[in-house]
Amino acid sequence: MMIEYLITILLIASIYAIFALGLNLEWGFTGLVNFGHVAFLAIGAYTTVLLSLHGVPLFVSVLVGVALAGAFGALLGIPTLKLREDYLAIVTIGFAEIIRLFLLNEEWLTGGPMGVCGYPRPFEDIITGDYNLFMLSVVLSILILCYFMLEKLIKSPWGRVLKSIREDEDVPVSLGKNVFVYKIQSLVLGSMLAGLAGSLLAFYLQYINPRNFMPIETFYAWIAVVLGGSGNNKGTVLGAVILFCFFSATRFTQEYVPLHPTQMGALRIMLIGLLLILFMMYRPEGLFGKKEELML
Amino acid sequence: MLLQLLVNGIVLGSIIALAAIGLSMVYGILKFANFAHGDFLTFGAYLAFVFNVVFGFYFILACAVSVILTAMVGVGCDYAIWRPMRMKNANRVTLIIISIGMALFIRNLIIFMWGADIKRYALPVKRGIEFGTIIITQNQIVEIVVAVACMLLVHYILKKTFIGKAMRALADDIDLAKVSGIDVDRVIRYTWVVGMALASVSGILYGLLANINPNMGWFLLLPMFAATILGGIGNPYGAMAGGIMIGLAQELSTAILPPEYKMAVAFAILIIVLLLRPQGIMGTS
Amino acid sequence: MLKLIDVVSGYTDVDIIKGVSIEVGKDEIVTIIGPNGSGKSTLMKTIFGLVKLRSGKIMFRDKDISRLRTDRIVQAGMGYVPQERNVFPSLTVLENLEMGAFIQRDRFEEGLEEVFTIFPELKNKRTQKVGTMSGGEQKMVAVGRALILMPALLLLDEPSSGLSPKLRDVLFNKIVEINELGTSLLVVEQNAKMALSVSHRGYVLETGKKRFEGEAKRLLENEEVKRLYLGG
């Protein structure tokens, strides 16, 4: 029983780690204030699931989901990445809400508030043993792949330009770099990672509906990134793990605490909000970040 | 039909306008977008509910208590969070993220204390009054009257009181205000009082109009920001006009769009303003 | 009145003011001139508490104001007019002046009379929004705002900037008038000749250090000063 539980925690934590890594690329490395990250989680999830239900091979469905998430990232970014950070924050949050409204209302496509279920999962028929264990190994492999790919990108010349954009946009501009294109690339790649996480999330949940893609999901990614130290991939992954261990721990204590599940849920998010405030006030470099690296 | 939408639009718009005034003033003076503003709106609505339904106060009294308490919490937050951050010269993005933390905290505190289900005030349900083809409910009339009264009050404060003039001075140039010897912290506290009080009133009115639920303020956030930016950040009169316009646009849009997409209308206006004229229609470049 | 002793200050890691000692006596008009980048504005901001003092002391009316907050310095009897962005554009003339009296509102009426004596041009424009006024009128409002509490010492940062030659004359005459009414002035100016001609004493600042000092008349006649800073 304990093992099963652990597998579940690691599974969901790893999926959110991929999600958060995408945000870390956008915010931690490029300085983009994206409050709409969940939109791409949703696009990846719904695209994969709907395509596979229409007979498209699973692998292709996932690829299309990822690509579409990236495309929407570009769609969002092109008119808005030139905006000041606070405007970008407002606009991205609006974007995510519009996407969610679309998912909620266009029943003919998305199933509306009832969502989508009954879609195939990778290698479902073949795996005889513990499917969750199999999923975990798949997700972990993907996470490790993404992590190393990102680390490589960050250390490359491309990554260095991103960091200089985060520090002081005027510098790369004066060096003749097309800052806008770099920002778009960062947003697209981050959105693709979110889309990938979305597909994996859909497989894990086996049933998705718009309630899985509320704004709070974006801020789970934010707390993971802030906790781990913005611009620190290792920290982001650890942040996601800590976050979900914390969630599970509170579920454990549920039996011993005289609180209604709704209250426990609310208490959890209250703590997240508090952590966000406290970290930004007193320890903006997070648990594992470096103070010098901060541009705040 | 259109006339009814017009009425609904003005009612909704005045609620958005009241909330946007406080948001705009804080944005203009403290130079950051307060994402928690919507949740203070919710907070005000819930406080009034608690005193009205749980403690059995008369509704008006409950509202007064809510306004005062919400304003106090707003000032408390300035002491505990915003002022220390000002002293550290905190970056705009830091403040925004902190405000998100506050938003999450307040919203879920409300759920924790009073649950996530829909609530209503202990008021008798009255029939609407018919004016030809349109029906106006008593609540709607109260809303418009209260909203107009509040806007006039804000106008009076800004134009006739010393502290109000100081608020306008700070919105113009906070550095010059410091240099002139103005007690900037004190003026900022008063700005929070006015902003939070208005948010509370706006929340109560919205609770009257629709119902009371933990997400009510959060769902008005986008229209509030749209109104603020449309009217020019830091311009309370712009926020008033912007709010009415957004409310009208949202309600009138239901003639051609499904009503669930009302928020998309606010979003569209927001994007258009930001891309074409970011200083807003009443702002100066 | 004002005494700076070996003041060192700057914005980031670099020191802009590198050990400057100057004085302004009661009822004096003292002008600081010097080339661009010499630190004139920074010195003024340091006196007013806008730039942090790194070492040295600033004494004002026998009180050490080196660590004092800006609003306390205003309370102590100093006024400051920045070079740019020195008015509240969306407020009226009267409101701008009112803001200057924030700390001591009971002295506003008195101060208003004095400001209108010096700037009678503003009397009929009380309710005009300052943002709609000309540069010269705005300058008057800016100075008026700083004068409203009848400070013992007024700091002016490049007051003639942005003004036409005719208005510059008017401005420097007003500076004399203000002084005659009992306020000492410390002026930082690009327009060295004009400023020195109405001053009692002057200092020449270069790369954050004092290069020349003395009676204004002497500085005006000094060959080197003339060649380097007064346009030969």
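Cβ separations smaller than 9 Å between residues 6+ apart or across chains give the following pairs from region A:224-242 residues that are under 9 Å from A:Gly28 (Cα atoms) and open to solvent by less than 10 Å² (accessible area, probe 1.4 Å) to residues that are aromatic (Phe, Trp, Tyr) and not in a helix (DSSP H, G or I): A:Gly229/A:Phe288. Restricting attention to region C:147-189, the residues being surrounded by fewer than 17 Cβ atoms within 10 Å (Cβ to Cβ) and polar (S, T, N, Q) number 3.
Inside region B:94-130, residues that are closer than 19 Å to B:Ala45 by Cα, of a type outside the set (D, E, K, R) and at the interface with chain A (Cβ under 9 Å from one of its Cβ atoms) make up a count of 13. One residue stands out among those in region C:53-78 that are in contact with a Phe, Trp or Tyr (Cβ under 9 Å, 6 or more places away or on another chain) and not polar (S, T, N, Q): the one that is surrounded by the most Cβ atoms within 10 Å (Cβ to Cβ), which is C:Met78.
Filtering region B:60-93 to residues that are open to solvent by less than 10 Å² (accessible area, probe 1.4 Å), among the aliphatic types (A, V, I, L, M) and either outside any helix (DSSP H, G or I) or within 14 Å of chain A (Cβ to nearest Cβ) (or both) leaves B:Met85, B:Val93.
Would you confirm whether or not region B:185-201 contains a residue that is within 14 Å of chain C (Cβ to nearest Cβ) and in contact with an Asp or Glu (Cβ under 9 Å, 6 or more places away or on another chain)? Yes - at least one qualifying residue is present in region B:185-201. When region B:249-261 is limited to residues that are open to solvent by 40 Å² or more (accessible area, probe 1.4 Å) and either polar (S, T, N, Q) or more than 9 Å from every other protein chain (Cβ to nearest Cβ) (or both), the one that is nearest to B:Leu220 (Cα to Cα) turns out to be B:Pro259.
Looking at region B:137-155, can you tell me whether even one residue there is closer than 21 Å to B:Phe57 by Cα, over 18 Å from the mean Cα position of the chain (by Cα) and exposed (fewer than 15 other Cβ atoms within 10 Å of the Cβ)? Taking every residue of region B:137-155 in turn, none turns out to be closer than 21 Å to B:Phe57 by Cα, over 18 Å from the mean Cα position of the chain (by Cα) and exposed (fewer than 15 other Cβ atoms within 10 Å of the Cβ). Yes or no: region B:51-59 includes at least one residue that is touching a residue at least 12 places away in the same chain (Cβ under 8 Å) and within 13 Å of another protein chain (Cβ to nearest Cβ). Looking through region B:51-59, none of the residues is touching a residue at least 12 places away in the same chain (Cβ under 8 Å) and within 13 Å of another protein chain (Cβ to nearest Cβ). Residues of region A:142-163 that are small (Gly, Ala, Ser) and either in contact with a Lys or Arg (Cβ under 8 Å, 6 or more places away or on another chain) or touching a residue at least 40 places away in the same chain (Cβ under 8 Å) (or both): A:Gly159 alone.
The conditions of being open to solvent by 50 Å² or more (accessible area, probe 1.4 Å) and under 30 Å from C:Gln104 (Cβ atoms) are met by B:Lys160. Criterion applied to A:Leu153, A:Leu136, A:Leu189 was being at pLDDT 95 or above, in contact with a helix residue (DSSP H, G or I) (Cβ under 8 Å, 6 or more places away or on another chain) and open to solvent by 10 Å² or more (accessible area, probe 1.4 Å), and the one residue passing it is A:Leu189. For first residues located in region A:189-207 and free of Cβ contacts under 8 Å to residues at least 40 places away in the same chain, partners that are open to solvent by 10 Å² or more (accessible area, probe 1.4 Å) and part of a helix (DSSP H, G or I) and lie 6+ apart or on another chain with Cβ distances below 8 Å form the pairs A:Leu205/A:Asn212.
A quick yes/no check of all residues on (1) within 13 Å of chain B (Cβ to nearest Cβ); (2) surrounded by fewer than 19 Cβ atoms within 10 Å (Cβ to Cβ); (3) within 25 Å of the chain's Cα centre (by Cα); (4) closer than 20 Å to A:Glu217 by Cα:
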position	(1), (2), (3), (4)
A:Phe244	no, no, yes, yes
A:Ser248	no, yes, yes, yes
A:Thr262	yes, yes, yes, yes
A:Ala266	yes, no, yes, yes
A:Leu271	yes, yes, yes, yes
A:Leu276	yes, no, yes, yes
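Each row is one residue, and each column tells you yes or no for (1) within 14 Å of another protein chain (Cβ to nearest Cβ); (2) part of a helix (DSSP H, G or I).
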position: A:Ile12; (1), (2): no, yes
position: A:Tyr16; (1), (2): no, yes
position: A:Gly28; (1), (2): yes, yes
position: A:Val33; (1), (2): yes, no
position: A:Thr47; (1), (2): no, yes
position: A:Val60; (1), (2): no, yes
position: A:Val64; (1), (2): no, yes
position: A:Gly70; (1), (2): no, yes
position: A:Gly77; (1), (2): yes, yes
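Screening the candidates B:Ala45, B:Ala19 for the property of being in a helix (DSSP H, G or I), in contact with a strand residue (DSSP E or B) (Cβ under 7 Å, 6 or more places away or on another chain) and open to solvent by less than 20 Å² (accessible area, probe 1.4 Å) yields one hit, B:Ala45. Quick one: in region A:86-111, of everything that is surrounded by fewer than 15 Cβ atoms within 10 Å (Cβ to Cβ) and in contact with a helix residue (DSSP H, G or I) (Cβ under 9 Å, 6 or more places away or on another chain), which residue is farthest from A:Glu26 (Cα to Cα)? Out of the qualifying residues, it is A:Glu107. Criterion applied to B:Ile269, B:Ile244, B:Ile281 was being outside any helix (DSSP H, G or I) and either touching a residue at least 12 places away in the same chain (Cβ under 8 Å) or hydroxyl-bearing (Ser, Thr, Tyr) (or both), and the one residue passing it is B:Ile281.
Scanning region C:79-104 for residues that are touching a strand residue (DSSP E or B) at 6+ places or on another chain (Cβ under 7 Å) and of a type in the set (Val, Ile, Thr), which turns out most open to solvent (accessible area, probe 1.4 Å)? Among those that are touching a strand residue (DSSP E or B) at 6+ places or on another chain (Cβ under 7 Å) and of a type in the set (Val, Ile, Thr), it is C:Thr92.
The helices (runs of 4 or more DSSP H) falling completely within region B:108-227 that include 1 or more residues that are free of Cβ contacts under 8 Å to residues at least 60 places away in the same chain and under 21 Å from B:Phe40 (Cα atoms) map to B:138-160, B:184-209.
For (1) open to solvent by 10 Å² or more (accessible area, probe 1.4 Å); (2) in contact (Cβ under 8 Å) with a residue 12 or more places away in the chain, each residue gets a yes or a no:
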{"site": "A:Met1", "(1), (2)": "yes, no"}
{"site": "A:Tyr5", "(1), (2)": "yes, yes"}
{"site": "A:Tyr16", "(1), (2)": "yes, yes"}
{"site": "A:Asn24", "(1), (2)": "no, yes"}
{"site": "A:Val38", "(1), (2)": "no, yes"}
{"site": "A:Pro57", "(1), (2)": "yes, no"}
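Of all residues in region B:228-241, those satisfying the criterion of being part of a helix (DSSP H, G or I), among the hydrophobic types (A, V, I, L, M, F, W, C) and within 13 Å of chain A (Cβ to nearest Cβ) are B:Ile229, B:Leu230.
For A:Thr80, the stated conditions do not hold, so it cannot be described as open to solvent by less than 30 Å² (accessible area, probe 1.4 Å) and at pLDDT 95 or above.
The values are calculated or read from the model by the stated rules, or taken from the named source; none is laboratory data. This structure is a prediction, so every number in the text was calculated from the model and none was measured. Counting neighbours? That spans all protein chains shown, and the Cβs are built from the backbone with ideal geometry, glycine included. Heavy atoms of the whole protein, side chains included, go into the accessibility calculation; ligands, DNA and RNA do not. Shrake-Rupley method; radii C 1.70, N 1.55, O 1.52, S 1.80 Å.
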